[in-house]
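Q: Just dropping this structure here.
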Amino acid sequence: MAEDLLRYDILIQDALRGAVKKILAEVGRTGLPGEHHFYIAFDTTAPGVRISSRLKERYPQEMTIVMQHQFWDLAIGEHAFEVGLSFGGVAEKLLVPYSAIKGFFDPSVQFALEFDPGKTAEELPEELLEAVEELAKAEKLAEDVTSDAGSPQQDGAEAASSDKEDSGDKAPAADGGGEVVSLDAFRKKT
């Protein structure tokens, strides 16, 4: 058998990730139609993933989010999407590169896609990776300062025991499309 020099497997995975991006962009513009809702599994260790240290401790390898009733601020970028969700009553903002997605499932129509997170021809922009790294350092420093001051820290134990966290119906989201490269775009909004 001949060697696949074109890497059809990678081309198809990237094309299907593009479909997920288009689906999320449409939901960001118009909301979830009918009974549609999504389970999105992603690799929490993938480059560019931005989740709180509380969630990272709870989901060190993989996390599945549910976009159904309570999600907000869905923003679609060129390389990643950002969404607000509630975990154990605590509002969180997640940034997930499309290249980190392992699975996308819409149970209302039994539509599913599986991905190999390491297989992509897309490289994340250096600015995105640097911004995520800087925010992680700043968050860690803030947690250390809070801990040293004797203030109680939030514990991940309050979250549900399942990897699948309910989220859902959203407030109107900004229409996406632009490439996110500014550090301010990744700052925690309190």
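Q: From the convex hull of the Cα coordinates of the stretch 2-102, what is the mean projected area in square nanometres? Write out the running numbers ahead of the final one.
A: Numbers: hull surface 30.9 nm².
Over all viewing directions, the stretch 2-102 projects a mean Cα-hull area of 7.7 nm².
Q: Non-local amide H neighbours of Gly103 (under 5 Å, H modeled in plane, Pro and chain starts lacking H): which ones?
A: Placed amide hydrogens put Ala41, Phe115 under 5 Å from Gly103.
Q: Over 18 Å, how big is the tail of the calculated P(r) for the stretch 38-95, in percent of all Cα pairs?
A: Working: 454 of 1653 pairs.
The answer is 27 percent, as a whole percent.
Readers should treat all values here as calculations from the given coordinates under stated rules, not as data from a laboratory. As the structure is a computational prediction, the values presented were derived from the model and not from experiment.
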